Amino acid sequence: MEEQKLEQEVISMPRIGDPAPEFTAVTTQGDINFPKDYAGEWVILFSHPADFTPVCTSEFMTFATMEEKFAKANCKLVGLSIDGLYSHIAWLRTIKEKIEYKGMKNVEVKFPLIEDISMNVAKKYGMIQPNEDSTKAVRAVFFIDPKGIIRTIIYYPLSLGRNFEELYRVVIALQAADEFGVATPADWQPGDDVIVSPAGSCGSAQERMEDSAIDCKDWFFCTKKLDKNLVLDKILKK
Ligand code: BEZ
């Protein structure tokens, strides 16, 4: 019975559209109250399996190098692993002082890294996936909007380093969808055509087919141009 209860607790998984579960935590940048401290901003909450491991080190160097790019899109970064604060501090110091990788060196990780020895936060966010590893978080990525709502979730296993350009694309595409009331097709990048939301009636389906600004492959699959500068001007801070 006790075992069953533990299992249920471990696999609690927030879903897209849910409010981000609240927590307070100690981080390498001081205490945080999540998601309250990030109200009005996008935030990526991501987990990694362990400090002082190679895939995680390559990821942190890459993410830290891109932090300004995400900040321009009004998006903050917050990391987490089931390690203590002193391990985090020692690892981040080692990265800055000793590690050179793919042209990146002296990389300072300025975003907060949560200590989660108790696994409280990891369990709330379904970051522990026991059949992958029962004591290490998988590589989870939660995209949370300025109202504190989870908008995208991506999970990777321990062995697979994330593609950070894809994470950036997700942030831009979510904001473009909100700003312009459109959807974004496969592999979309700013400047590519966007999807017009599906016709809700036979009349609007017909109007759409006849609108010269809209390109319909069929009545249910219509795209339109969305200027790259318009998208970037709206989303990126000056
Ligand atoms: C790594 O980051 O290198 C790693 C961490 C845990 C398991 C496998 C790889």
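The values are calculated or read from the model by the stated rules, or taken from the named source; none is laboratory data. Remember, predicted model here, so these are calculated numbers, not experimental data. All Cβ positions, glycine included, derive from the backbone under ideal geometry; neighbour counts span all protein chains shown.
Among residues of region 115-134 that are touching a residue at least 40 places away in the same chain (Cβ under 8 Å), those with a beta-carbon under 7 Å from a residue that is of a type in the set (Phe, Trp, Tyr) and surrounded by 13 or more Cβ atoms within 10 Å (Cβ to Cβ) at least six positions away or on a different chain give the pairs 120/23; 121/23; 124/23; 125/142.
Among the residues making up region 131-179, those that are over 20 Å from residue 65 (Cβ atoms) and hydroxyl-bearing (Ser, Thr, Tyr) are 134, 135, 152, 155, 159. Taking residue 59, is it at pLDDT 95 or above, of a type in the set (Asp, Glu) and either loosely packed, with under 15 Cβ neighbours inside 10 Å or away from the ligand (no atom under 16 Å from the Cβ) (or both)? Considered against the rule, which asks whether it is at pLDDT 95 or above, of a type in the set (Asp, Glu) and either loosely packed, with under 15 Cβ neighbours inside 10 Å or away from the ligand (no atom under 16 Å from the Cβ) (or both), residue 59 comes out as no. Any residue at all in region 187-203 that's within 16 Å of the ligand (Cβ to nearest atom) and under 15 Å from residue 73 (Cβ atoms)? Among the residues of region 187-203, not one is within 16 Å of the ligand (Cβ to nearest atom) and under 15 Å from residue 73 (Cβ atoms), which makes the answer no. Evaluated against (1) within 15 Å of the ligand (Cβ to nearest atom); (2) surrounded by fewer than 17 Cβ atoms within 10 Å (Cβ to Cβ), residue 162 falls short on exactly one condition, (2). Quick check on region 211-233. Is at least one of its residues more than 30 Å from residue 62 (Cα to Cα) and part of a helix (DSSP H, G or I)? No, because not a single residue in region 211-233 is more than 30 Å from residue 62 (Cα to Cα) and part of a helix (DSSP H, G or I). Of the candidates 43, 26, the single residue that is out of contact with any Lys or Arg (no Cβ under 8 Å at 6 or more places or on another chain), in a strand (DSSP E or B) and more than 16 Å from the ligand (Cβ to nearest atom) is 26.
Only a single item in (1) within 16 Å of the ligand (Cβ to nearest atom); (2) surrounded by fewer than 21 Cβ atoms within 10 Å (Cβ to Cβ) is not met by residue 120, and it is number (1). Restricting region 72-86 to residues that are crowded, with 17+ Cβ neighbours inside 10 Å and not in a loop (DSSP other than H, G, I, E, B), the residue that is nearest to the ligand (Cβ to nearest atom) is 81. Residue 77 meets each of the listed conditions (1) farther than 19 Å from residue 164 by Cβ; (2) without any contact (Cβ under 8 Å) to a residue 40 or more places away in the chain apart from (1).
Which one of 146, 198, 190, 185 is assigned by TED's automatic domain parsing to the domain that holds residue 38 and assigned to a loop (DSSP other than H, G, I, E, B)? Only one candidate qualifies: 146.
Restricting region 29-40 to residues that are assigned to a helix (DSSP H, G or I) and surrounded by fewer than 17 Cβ atoms within 10 Å (Cβ to Cβ) leaves a set whose member that is farthest from the ligand (Cβ to nearest atom) is 36.
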